[in-house]
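Below: the structure, in structure tokens.
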Amino acid sequence: MPRPRLTPVLYSLYRRGERISQGLRRRVTEAGWFMIMTCFVIGLSGVDTQWSLHHQIFAILFMVILLAILGLFFIRRPKITVQRRCPRYATAGEDLRFPVLVTNLAQRGYQGLRFREWMTEILPSREEFVNRPEPREKERNLFDRTFVYYRWLWLLETKRLASGMTSEEFDIAPEATIRVTVRLRPNRRGLLTLRNLRVLRKDPFGLFQRALSISEDQGSLLILPRRYPIPDLEMPGRQPVDDVGAGLVASSLGQSDDFVGLRDYRPGDPVRHIHWRSWARLNRPVVKEFEEEHVPRFALALDSTLLPDQDTEVFEEAVSVAASFVSGIKSNRVALDCLFAGDQAYRYAQSGSGANRTPEKMLEILATIEPTHDIGSLDAMREAMQGHAISLSAAILIFTEWCGKRADFVKALGTRGVHTIVLVVTEDRRESLSGLTFLPVGDIEGLLATLPLSLHPSTAPATA
């Protein structure tokens with residue numbers, strides 16, 4: 001942790017340095033950095049005046065750099081408009097490409113243009129810089145722990161939803177409209193607003209550039225959580241029943257093709273099921289009856305409660321695990337239509353088989369959920385799940401910590417006949433218990449892909 005006297009100085013220094021760094025990244029190209037470093041090295045070696053050749057090379061390079069800087073003043077903003085064609089969703093950790101329609105309003109063409117979406121940098125506050133240490137910061141050496149520059153970089157990364165990438169160079173003819181591909185790299189889940197697309201124009205030497213604002217429309221997209229591959233999951237086949245033993249309407253996904261028999265018509269029966277010959281023979285309406293198709297229904301529950309000293313990366317990984325199950329279960333024999341996220345419950349009616357379900361709504365919720373330090377949200381989720389337990393066959397429970405209260409939670413579901421898979425995301429590696437699997441941050445993808453997922457009945461795992 002930084003020393004108290006150093007904290008204001010370090011924060012001001014890093015904050016100002018980041019502002020300068022952002023400005024340089026916009027204006028200096030890779031070739032420009034190479035030229036500047038080469039000029040600097042030759043300038044240092046030219047201190048010895050006997051090396052006259054070094055002086056000549058330094059003078060030439062310096063003049064080229066100076067001319068390139070002067071050339072920036074002659075670069076003008078092109079008369080173009082752009083219109084984004086943003087997709088609705090993106091996924092954290094996966095590069096995104098989307099088209100942009102470019103219209104040239106001038107009667108002259110432009111060559112060597114490039115686009116880049118510049119993200120609004122949200123800098124950490126002083127309180128965050130002081131009170132939020134980098135994960136595993138204690139493992140760093142004394143110098144790094146004193147000046148905590150890596151903490152600053154890590155805080156910047158946690159606030160950066162996406163990073164813009166420079167497009168390929170393109171030319172546009174006078175009064176023409178073309179399509180250009182823009183690239184982004186989503187880093188974290190959340191709602192991303194795009195409103196700072198810049199056109200890049202280089203100086204004649206290609207060392208520096210200007211990032212010019214242009215007429216554009218604002219776009220937005222939702223960055224969904226990162227997902228991991230999961231193994232096949234077999235759900236129990238118990239059909240949920242209500243208090244009087246009848247099959248739940250919520251558990252019926254429709255009717256199969258298996259013919260059961262004939263019965264008298266009841267108001268609301270489909271006309272296509274009328275058996276016309278029997279109606280003519282019996283002189284009363286008769287319909288064909290089919291066997292109703294039932295599939296097991298299960299829920300996904302995400303614990304959003306974090307301890308005060310827990311890192312938010314634990315919660316982010318827990319969200320990714322939840323999203324992996326939402327999008328990864330494709331069996332038509334089960335229906336995931338109930339999501340418990342924190343203290344909120346979301347129920348989705350199914351109009352077809354499980355294979356036809358769309359997980360987009362659940363992923364949208366997971367993309368915007370925030371952690372809380374209020375343990376009351378766990379109690380609210382428990383009450384909500386118990387209220388829906390009668391219609392569930394199984395539940396996947398994803399916790400951010402394991403304790404006696406969470407063990408009681410699992411046991412209460414088990415007493416209502418709900419089978420469970422219990423996963424706990426942790427900061428460090430722990431030995432898994434019977435009916436309980438720990439997923440340490442950093443190893444989740446490998447462990448989840450090979451994890452034998454089995455459902456456990458009424459008994460809850462012991463407290464770790």
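Are any residues in segment 403-427 surrounded by fewer than 22 Cβ atoms within 10 Å (Cβ to Cβ) and over 23 Å from the mean Cα position of the chain (by Cα), and if so, which ones?
Cys403, Gly404, Lys405, Ala407, Asp408, Lys411, Ala412, Gly414, Thr415, Arg416, Gly417, His419
In the set Asp303, Asp264, Asp217, which member is of a type in the set (Asp, Glu), closer than 30 Å to Tyr89 by Cβ and modelled with pLDDT of 85 or more?
Only one candidate qualifies: Asp303.
Limited to segment 85-102, what total is found for residues that are closer than 14 Å to Ala162 by Cβ and surrounded by 14 or more Cβ atoms within 10 Å (Cβ to Cβ)?
8
Report, by residue number, each residue of segment 398-431 that is in a strand (DSSP E or B) and either more than 20 Å from Asp443 (Cβ to Cβ) or not assigned by TED's automatic domain parsing to the domain that holds Ala301 (or both).
His419, Thr420, listed by residue number.
Specify the residue that is farthest from the chain's Cα centre (by Cα); the eligible residues are those in segment 369-379 that are surrounded by 15 or more Cβ atoms within 10 Å (Cβ to Cβ) and under 13 Å from Arg189 (Cβ atoms).
Selected residue: Pro371.
Within segment 59-101, how many residues are closer than 30 Å to Cys39 by Cβ and basic (Lys, Arg)?
Selection size over segment 59-101: 2.
Please state which of the following conditions Leu439 fails to meet, knowing it meets all the rest: (1) closer than 23 Å to Thr91 by Cα; (2) modelled with pLDDT under 85; (3) not hydroxyl-bearing (Ser, Thr, Tyr).
Leu439 satisfies every listed condition except (2).
Only one of (1) of a type in the set (A, V, I, L, M, F, W, C); (2) touching a residue at least 40 places away in the same chain (Cβ under 8 Å); (3) closer than 22 Å to Arg27 by Cβ is not met by Leu153, so which one is it?
(2)
Looking at Thr437, Thr426, Thr420, can you tell me which residue is in contact (Cβ under 8 Å) with a residue 60 or more places away in the chain and closer than 22 Å to Val314 by Cβ?
Thr426
Only one of Arg198, Arg227 is buried (at least 19 other Cβ atoms within 10 Å of the Cβ), part of a loop (DSSP other than H, G, I, E, B), in contact (Cβ under 8 Å) with a residue 24 or more places away in the chain and touching a Gly at 6+ places or on another chain (Cβ under 9 Å). Can you tell me which?
Arg227
Could you give every pair whose Cβ atoms fall below 6 Å, whose first residue belongs to segment 131-147 and is more than 16 Å from Tyr11 (Cβ to Cβ) and surrounded by fewer than 14 Cβ atoms within 10 Å (Cβ to Cβ), and whose second residue is at pLDDT 85 or above and of a type in the set (Phe, Trp, Tyr), counting only separations of at least 6 or pairs across chains?
none
Since Ala349 meets every condition but one in (1) touching a His at 6+ places or on another chain (Cβ under 9 Å); (2) hydrophobic (A, V, I, L, M, F, W, C); (3) at pLDDT below 70; (4) in a loop (DSSP other than H, G, I, E, B), which condition does it not meet?
(1)
For segment 428-436, state whether one or more residues are of a type in the set (S, T, N, Q) and either in contact with a Cys (Cβ under 9 Å, 6 or more places away or on another chain) or surrounded by 18 or more Cβ atoms within 10 Å (Cβ to Cβ) (or both).
no
Taking Gly387, is it more than 24 Å from the chain's Cα centre (by Cα) and at pLDDT 75 or above?
yes
The values are calculated or read from the model by the stated rules, or taken from the named source; none is laboratory data. Here the structure is a predicted model, which means the values were calculated and not measured. Note that we place each Cβ from the backbone using ideal geometry, even for glycine, and neighbour counts take in every protein chain shown.
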